[in-house]
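This report concerns only the one structure given below.
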Amino acid sequence: MRVAVLSDIHSNLPALEAVLEAVRPFDQLWVAGDIVGYGPHPDAVVERLRNLDAVAVQGNHDAAALGRIPVGTFNDMARAAVKWTARTMKPHNLDWLAEQPEIRVEGDYTLAHGSPRDPLWEYLFSIPAARLNLAAFETPYCIVGHTHHQMTFRDDHGRVEALLADDGSALELDERRSILNAGSVGQPRDGDPRACAMTVDTDTAAVEWRRIEYPIEETQAAIRELPLPGRLADRLELGV
């Protein structure tokens, strides 16, 4: 089965549409959280995922829009976006977000937004954090988001290695436990403004990462038409 794996869409519909087109064909769509927040299209993004029968988990921005965690834990830009998102989203789309769990198991893969230890908040940037988390799930592999960076942590016979990924990077999964990060669809933060995606072939255990151009100016214009901080638009073209 060919699976398209996305994360951190952040209400960016042009980025989502570009990614979906680029990774076709796929049999299933997995989303590792932060479907909403920051961007201008929360309802449209949720409805697109619903129509594709996406398998998803909640991220911290999703949970905040649902009132599950306090918005005071966010910076000023994120807080403004979460409040606007919660106020304007259609009830049936909020209900769909609320139905998504914090952790989900799909065959050999555990899905979580931040980490299997702390699904909503932990950032997996470091080898020490990855070492603790490699022991925190039962499946051979785990898929996360949250950092907005494409990478893998792998347990190589007791030594944890970090593998960075970029457009066209590929990895053959084997007996080594691994944590995979697809990067961010709607708001990359590694200096590359292109949208991120990952595909997984669950039959051959082949993983590939992609970077995809999308019309950033469309999302920027939509943000600037709404009562959202202008800096949320500015940062998209910088990838920060």
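The values are calculated or read from the model by the stated rules, or taken from the named source; none is laboratory data. For clarity, every value in this text was computed on a predicted model and none was experimentally measured. Reconstructed Cβ throughout: ideal geometry from the backbone, glycine too, with neighbour counts over all protein chains shown. The protein model used for the area step is the full one, side chains on, heavy atoms only, and it has no ligands, DNA or RNA in it. Shrake-Rupley method; radii C 1.70, N 1.55, O 1.52, S 1.80 Å.
Computed over segment 57-112, the convex hull of the alpha-carbon atoms projects to a mean area of 4.1 nm². Using θ = phi - 60° in the Karplus curve 6.51 cos²θ - 1.76 cosθ + 1.60, the 3J(HN,Hα) couplings for segment 143-153 round to 10, 10, x, 6, 7, 6, 10, 8, 5, 9, 10 Hz; x is entered for Gly and Pro.
Count the DSSP beta bridges whose two residues both fall in segment 43-177, then state the antiparallel fraction as a percent rounded to the nearest 5.
On the way: 10 of 13 bridges.
Restricted to segment 43-177, the bridges split so that about 75 percent are antiparallel.
Would you kindly work out the equivalent ellipsoid of segment 186-240 from its C-alpha gyration tensor and give its semi-axes, the square roots of five times the eigenvalues, largest first in whole Å? Intermediate values should be presented prior to the final figure.
On the way: eigenvalues 172, 23, 15 Å².
Over the Cα atoms of segment 186-240, the ellipsoid semi-axes are 29, 11, 9 Å.
The equivalent ellipsoid that matches the C-alpha gyration tensor of the chain spans semi-axes of 27, 18, 17 angstrom, in descending order. Over segment 59-128, Cα pairs under 8 Å with separation of 6+ residues give a relative contact order of 27 percent.
Across segment 20-27, coupling constants 3J(HN,Hα) worked out from phi with the 6.51/-1.76/1.60 Karplus curve, θ = phi - 60°, read 4, 5, 6, 9, 5, x, 9, 8 Hz, and Gly and Pro carry x.
Give me the accessible area per residue for segment 53-149, probe 1.4 Å, as a whole number in Å². Let's see the in-between values first.
On the way: 4090 Å² over 97 residues.
Roughly 42 Å² per residue, with all protein chains present.
For Tyr38, the solvent-accessible surface computed with a 1.4 Å probe is close to 20 Å², ligands and nucleic acids excluded. Where both bridge residues fall in the chain, DSSP classifies roughly 70% of the beta bridges as antiparallel.
Checking every one of the trypsin sites (Lys or Arg not before Pro) in segment 1-90 against DSSP loop status and a limit of 15 other Cβ atoms within 10 Å picks out Arg68.
Where the only charges are on Cβ atoms (+1 Lys, Arg; -1 Asp, Glu), what is the dipole of segment 1-47 about its Cα centre, to the nearest 20 debye?
160 debye
Other residues within the sphere of radius under 14 Å centred on the Cβ of Val45, judged by their own Cβ, net out at -4 (K and R +1, D and E -1). Note on the chain: helix-only mean residue ellipticity at 222 nm, from DSSP H runs of 4+ residues weighted -39500 (n - 2.57) and normalised by residue number, equals -8000 deg cm²/dmol.
The alpha-carbon positions of segment 18-100 define a convex hull whose volume is 91 Å³ per residue.
In 10 Å bins starting at 0, how do the alpha-carbon pair distances of segment 125-240 split up by percent? Result returned by the calculation: 13, 39, 27, 15, 5, 0. Taking the Cα atoms only, what angle lies between the long axis of helix 42-51 and the longest principal axis of the chain, rounded to 10 degrees? So the inclination is approximately 50 degrees. With θ taken as phi - 60° and the Karplus curve 6.51 cos²θ - 1.76 cosθ + 1.60 applied, the whole-hertz 3J(HN,Hα) list for segment 124-129 is 9, 10, 10, 5, x, 5 Hz, x standing for glycine and proline. Within the chain, the longest run free of GluC sites (Glu not before Pro) that sit in a DSSP loop with at most 10 other Cβ atoms within 10 Å is 1-137. The overall shape of segment 1-144 is oblate: from the C-alpha gyration tensor, with semi-axes ordered a ≥ b ≥ c, the ratio a/c is 1.5 or greater and a/b is no larger than b/c.
The alpha-carbon positions of segment 1-49 define a convex hull whose volume is 58 Å³ per residue.
Compared with the alpha-carbon gap, the fully stretched path from Ala98 to Asp167 is longer by 21.6 nm at 0.36 nm per residue.
Placing +1 on each Lys and Arg Cβ and -1 on each Asp and Glu Cβ, with no other charges, gives the chain a dipole about its Cα centre of roughly 740 debye.
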